[in-house]
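So the structure is just underneath, and the comments pick up after that.
Since every read-out is calculated from the coordinates, none of them should be taken as a lab result. Bear in mind the structure is a predicted one, so any value in this text is a computation, not a measurement. As a convention, Cβ positions derive from the backbone with ideal geometry for all residues, glycine included, and neighbour counts pool all protein chains shown.
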Amino acid sequence: MIEAQQLTKRYGEKTAVDGLDFTVRPGTVTGFLGPNGAGKSTTMRMIVGLDAPTSGSVTVNGRRYARHEAPLQEVGALLEAKSVHPGRSARNHLRALALTHGIPRRRVDEVVELAGLGSVAKKRAGAFSLGMGQRLGIAAALLGDPQTVMLDEPVNGLDPEGVLWIRNLLTSLAGGGRTVFVSSHLMSEVALVADHLIVVGRGRLLADTTVRDLVRQAGGDTVRVATDDPARLRDVLAGPGVEITGRIGSEELQVTGVSAREIGLKAAEHAIPLFELTTQAVSLEEAFMELTRDAVEYHGSTTGTETSGSAA
Amino acid sequence: MSTLTATPKTPETPETPETAVGAASRPVHRVTGRRVLASEWAKLWSLRSTWITLGLGLLFLVAFGVIAASHYTSNIDSGRHPDRDFATATAVSLSLFGTNFAQLALGVLGVLVTAGEYSTGMIRSTLTAVPRRLPVLWSKAAVLGAVALVLATAGAFAAFLAGSRIVSGTPAAMGLGHAGVVRSLLGAGLYLGLVGVIGTALGALLRSVAGGISVLVAAFMLVPGLVSLLPTSWQGHIVAYLPSHAGESVFALTHDPTALSPGAGLVVFLGWTALALAGASYRLLRGDV
């Protein structure tokens, strides 16, 4: 369980994290989404006490991280930047971390195997590829068999097999009752594993929601309907939970809360001619782009076609 | 590949609770001062740079002592008027000639131990494991100080045993039994151990290998050269208290009236060490990493 209250971090003039309030609950995978520079990494660094909040607070299982007696058993963190001495072998790196907690050597061997580092454990970490470095970081995060696992952009640099491995790992950790908090700037990646989403932009909370709600909020279940007599169709469709919008004088209506099929049936029943009946499917990526449109730090020049798939 | 919970390879040991998913029954592994010390000890020896700098330190200490002693002996033997530098030379001062160079190696190792973690990013792993932070600094200083002390003391005795054999039969000849020799050699070991500790403190304070080494070189090698430019009336008052001069008086065999006594020198040098560590603690506790 991670709880942030009015968490704020300023670096001089610049506010990296601006009054964040959120809770990450056990037993699910919570995705932490936002464009680059949204404050995700800073937030994660504050959670493990590497950065001190300018104001507000963040606790792990009810206490500040540094107050725990066995911090590695509370939170296992993979941070964005390399956090390894390149001159030390993978096993020696893990061993040194384990020694601070008196974690047995056996557990070091376990996480080496778990992360698939068995064959390179004696190699200098500096000689590791990006993907191997990520695996070493994840091995370190799992070392204390922590209650909360927090990974910053874990799939960066991983090959497809590694990406799949991460996905399965996250799902299984959450299935075991752990709190899993994983950041990404790619909605498509997070949507595959996360149940819950915390979306930030420019340090502010944009959404604290579920994957399904996010799509719905972005207008995912809207039906566009064009008709001869919009006023009469409005009356026919009106009901609890149904929302209808449309410009005056336009033949077009936007309807939520009723499926295209029901609209068609109702219209036929009342003999209202329809010219168009379209369900507007909004992809998660589009929903995310819509949400963070104003919060993107660095806009690329979009002289060509606006592609919704490109990562911010 | 996608085995998720680590299955212990030895099923005959069912009591491997760390691997159990249920958190309630697993043992708590607390962070203690002794464990952080063990971690820092393991970290020190798992880097090649440690072996190299320690080797260099020992080499400088012994080799330069032998070279100085040989130079002195050949100077005497040649029958020429001895160099001014050699007029007051003793077997101790000749064989400890390498201290100047050994202190650089040990101080640099100290800087590497702390500042090296910042330059590589290792510090993030270290402080995530020990978020209270201060035990890391104490452990690094203690481990490096102890290792440097042992190595330097051994080196000082080795240099003296070799050097005193070379200068035997000259005016500088001296044995271990000579008054003050053992104290002087132990003092050199202690001094070099503390230089290592100051190195760790400087590294933690400046968070930069280059910065730490620069300050170290300035404090121990440049400042002593520059003070000769100061008015002589200052010498007794200020200069004797500088880290370089106070440190030197810890292992000086002959007491120079302008310098501190070995005991006072040690107290002053400990004061400098404490100051450096205090600065490092302050920076460690306050700063973001």
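Packing, taken as the mean count of other beta carbons within 10 Å per residue, orders the peptides B:183-193, B:127-137, B:214-224 from highest to lowest as B:183-193, B:127-137, B:214-224. Taking the average, over residues, of other Cβ atoms within 10 Å as the packing measure, peptides B:153-165, A:159-171 rank B:153-165, A:159-171 from highest down.
Compared with the dominant Cα axis of chain A, that is its longest principal axis, helix A:160-175 is turned about 90°.
Counting only C-alpha contacts under 8 Å and six or more residues apart, can you give the relative contact order of region A:2-215 as a whole percent? Before the final figure, lay out each step's value.
Details: 433 pairs, mean separation 67.5, N = 214.
Relative contact order here is 32 percent.
The convex hull drawn around the Cα atoms of chain A, when projected onto a plane and averaged over every direction, covers 20.5 nm².
Excluding the site residues themselves, the longest part of chain B lacking any GluC sites (Glu not before Pro) in a DSSP loop with at most 16 other Cβ atoms within 10 Å is B:16-289. Bridgeable lysines around B:Lys140 (alpha carbons under 21 Å apart, same-chain partners fewer than 8 residues away excluded): B:Lys43.
Filter chain B for me: DSSP H helices, axial length by Cα at least 27 angstrom, mean Kyte-Doolittle hydropathy not below -1.0. List them by residue number.
Numbers: long enough: B:48-77 (43 Å, 0.98); B:99-120 (29 Å, 0.91); B:134-166 (47 Å, 1.62); B:181-206 (37 Å, 1.82); B:262-286 (36 Å, 1.08).
The answer, listed by residue number, is B:48-77, B:99-120, B:134-166, B:181-206, B:262-286.
Taking every alpha-carbon pair under 8 Å whose residues sit at least 6 apart, chain B reaches a relative contact order of 21 percent. Taking the DSSP beta bridges with both ends in chain A, the antiparallel portion is around 65 percent.
Can you say what percent of the DSSP beta bridges in the protein assembly as shown, counting only those with both residues inside, are antiparallel? Round to 5. Don't jump to the answer; show the numbers that get you there.
Working: 33 of 51 bridges.
Among the beta bridges of the protein assembly as shown, antiparallel pairing accounts for roughly 65 percent.
Counting pairs of alpha carbon atoms under 8 Å apart in space and at least six apart in sequence, what relative contact order in percent does region A:221-280 give? Working shown, then result.
Working: 101 pairs, mean separation 31.3, N = 60.
Relative contact order, region A:221-280: 52 percent.
Here the average projected area of the convex hull drawn through the C-alpha atoms of the protein assembly as shown stands at 39.0 nm². Across region A:1-98 the C-alpha pair distances fall into 10 Å bins from zero in the proportions 14, 42, 31, 12, 0 percent. Can you tell me which aspartates and glutamates have their Cα less than 16 Å from the Cα of A:Lys122? Leave out same-chain residues fewer than eight positions away. Straight-distance partners of A:Lys122: A:Asp109, A:Glu110, A:Glu113. Take the Cα of A:Arg67, step 7 Å toward its Cβ, do the same at B:Ser261, and the gap between the two points is 5.1 nm.
Principal-axis analysis of the Cα atoms of chain A puts helix A:105-114 at an angle of about 40° to the longest axis. Computed from Cα positions, the angle between helix A:130-142 and the longest principal axis of chain A comes to roughly 80 degrees.
Can you quote the Å³ per residue value for the convex hull of the Cα atoms in chain B, rounded to an integer? Provide the component values of the computation, followed by the final result.
On the way: hull volume 53.6 nm³, N = 289.
That works out to 185 Å³ per residue.
By count of other Cβ within 10 Å, fewest leading, how are B:Val268, A:Val75, B:Val28 ordered? Working shown, then result.
Values: B:Val268 20, A:Val75 26, B:Val28 9.
Final ranking by Cβ density, sparse to dense: B:Val28, B:Val268, A:Val75.
Which order do the peptides A:260-266, A:211-217 come out in when sorted by mean C-beta neighbours inside 10 angstrom, highest first? Working shown, then result.
Working: A:260-266: 15.0, A:211-217: 16.9.
By packing density, highest mean first, the sequence is A:211-217, A:260-266.
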